[in-house]
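Read-outs: derived from the displayed coordinates by stated rules, not from any lab. Every value quoted in this text rests on a predicted model; they were computed, and no experiment measured them. No Cβ is skipped: glycine too gets one built from the backbone with ideal geometry, and neighbour counts run over all protein chains shown.
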Amino acid sequence: MISPTAYTPYMTTRKLPKVLIVDDEDDIRSALRQMLEEVDDLDIVEAGDGQVALDALAHTQFDLMLLDINLPIVGGEEVLAAIKANRMFNRPTNVVVMSAQANLTGIRDRLDSDDVDAYLSKPFRYADLQVILADAIMIDVLLAM
């Protein structure tokens, strides 16, 4: 039988997946944070506009970015373009674009499929977020072990 203390080094050194939530609405960021915290232990950073997101991306490598496409100051499309064009920004491992637009087809048509891993309609359902997390973070975490 393996003693529980045998797992202590792994548990204390586990790198938490880093998530960047970018949305100009406090309620949306708060709801996403709450949902994410229920799923797993995550290192969550919030940004209320695209410029704050770019500042965070200049200093941190995120496993997942949940990015509202309609943002003040620097919009979501501009954030994606800046990440693609400038190496000073760390591209998140997985990018999920969020929008309150009823039809995401127009957004999908405008964005490069290499830049976006998934789309999330607002208002979103907890089940939709769970699927995205399972596909994005959890698989990457398992592969990194």
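Per-residue 3J(HN,Hα) values for segment 74-82, derived from phi via the Karplus relation 6.51 cos²θ - 1.76 cosθ + 1.60 with θ = phi - 60°, read 10, x, x, 5, 5, 4, 4, 5, 5 Hz in sequence order (x marks Gly and Pro). For M98, nonlocal amide neighbours, meaning residues 5 or more places apart or on other chains whose placed amide H falls under 5 Å from its own, are L67, D68, I69, L120.
FRET efficiency for R87 and A118, Cβ-Cβ distance as r, R0 = 22 Å, nearest 0.05?
In this case the efficiency is close to 0.35.
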